[in-house]
Amino acid sequence: MTVILGVDPGLTRCGFGVLNNDKSVDFGHFATSPKDPVTNRVGVIANQLEELVLHHKPNLIALERVFAQANLRSVMGVAQISGALMAIAHRYQIPLEFFTPSEVKLAVTGSGRADKAQVGVMVAKVLGLSEIPKPADVADALAVAICASKRAAGQGTKAQQKWVAAAKSANTRLG
């Protein structure tokens, strides 16, 4: 039995999706108010993520890698929640893998340049959901979990497998 917790980290909204043998068993998001102190916001989301880990007991945590954006505040929030999740993974000795947004899009839609709407449609289709999970952070978290599942199963074309191997090698070097 393979349980994967996929997370689209964010400080205002943190999406999550749990797959059990490639079936969606739980998904949603945690939200905090920008008016609250950052320490409280990180703590609240970290506690909620830890509760998910304790409840679902994932074999793997999949996380969207922080990437540079024009909005430094957004990047910092993503990094802060990612750090909290890394600490949780360490505490419970759960492997954690990072995926770039293009890697996730490629795994779910077949194109590393797909837009959010295309990702949402494919997430719903792949998981047999009656509608696209909302907000987009939830669909993104499920997409991250799908990506991790596909990588673990060694799915994809030979070219995609080579690309994933190169990305994994780069992730190892970058930390």
(request) Find the lysine pairs in the chain meeting two conditions, Cα atoms under 23 Å apart and a separation of 8 or more places or different chains, and report how many there are. (result) 24
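Gain in length, residue 131 to residue 35, computed as 0.36 nm per residue apart minus the alpha-carbon separation, to one decimal in nm?
Details: separation 96, 0.36 × 96 = 34.56 nm, distance 3.18 nm.
Contour length minus the Cα-Cα distance gives 31.4 nm.
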(message) If I take every Cα pair under 8 Å that is 6 or more residues apart in the chain, average their sequence separation and divide by the length, what percent do I get for the relative contact order?
(response) 27
(message) Just to check I understand the Karplus step: with θ = phi - 60° and J = 6.51 cos²θ - 1.76 cosθ + 1.60, what whole-Hz values come out for segment 110-123, glycine and proline as x?
(response) x, 9, x, 10, 4, 8, 4, 5, 5, 4, x, 4, 5, 4
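With a cut-off of 8 Å between alpha carbons and a minimum separation of six or more residues, what is the relative contact order of segment 1-85 in percent? Could you put the intermediate results ahead of the total?
Working: 130 pairs, mean separation 31.1, N = 85.
Over segment 1-85, the number comes to 37 percent.
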(request) Sort 24, 169 so that the residue with the fewest other Cβ atoms within 10 Å of its own Cβ comes first and the one with the most comes last. (result) 169, 24
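Based only on other Cβ atoms within 10 Å, what is the fewest-to-most ordering of 55, 29?
Details: 55 10, 29 22.
Ascending number of Cβ neighbours within 10 Å: 55, 29.
Read-outs throughout are calculated quantities, based only on the coordinates presented, and are distinct from any laboratory measurement. These numbers come from a predicted model, not from an experiment. Heads up, the Cβs are rebuilt from the backbone with ideal geometry, glycines too, and the neighbour counts pull from every protein chain shown.
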